[in-house]
Amino acid sequence: MNCPKCGKPMLPNTNKKNPKAPDWKCGDPNCKFKWDSASKDWVPSDWVTGAWNDKNESSFKIDRIADLEKRVKIIEDLLRTRWNVEVNG
């Protein structure tokens with residue numbers, strides 16, 4: 001995926017803490033634009049240019065998988081600590 005403003009490669013925003021943050025950010029830290037829906041054009045911004053996956057794309061699936069993996073870890077820890085059950089994996 002390339003930046004819609006400058007054309008440089010976009011980087012996955014893997015360490016985002018806010019779920020509303022862009023899924024992708026421009027690889028050029030000086031490329032700082034946002035989409036203005038009123039003018040239907042890119043306008044200067046304080047933040048690096050970002051882009052989002054379609055809602056039906058894999059980011060939702062990845063979030064769900066990560067959530068399930070966390071739950072499995074909690075269950076495994078409970079089995080080990082409370083019931084002394086050996087868990088493989």
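The values are calculated or read from the model by the stated rules, or taken from the named source; none is laboratory data. Please read these numbers as outputs of a predicted model, since none were measured by experiment. Glycine gets a Cβ as well: all are built from the backbone with ideal geometry, and neighbour counts include every protein chain shown.
Key figures for this structure:
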{"quantity": "So residue 23, is it in contact with a helix residue (DSSP H, G or I) (Cβ under 8 Å, 6 or more places away or on another chain), modelled with pLDDT under 90 and charged (D, E, K, R)", "calculated": "yes"}
{"quantity": "First in segment 66-78 and under 12 Å from residue 88 (Cα atoms), second anywhere and loosely packed, with under 10 Cβ neighbours inside 10 Å and at pLDDT below 80, Cβ under 8 Å, 6 or more apart", "calculated": "76/89"}
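This table checks each residue for (1) in a loop (DSSP other than H, G, I, E, B); (2) among the aromatic types (Phe, Trp, Tyr); (3) in contact with a Phe, Trp or Tyr (Cβ under 8 Å, 6 or more places away or on another chain).
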position	(1), (2), (3)
16	yes, no, no
19	yes, no, no
25	no, no, no
29	yes, no, no
43	no, no, yes
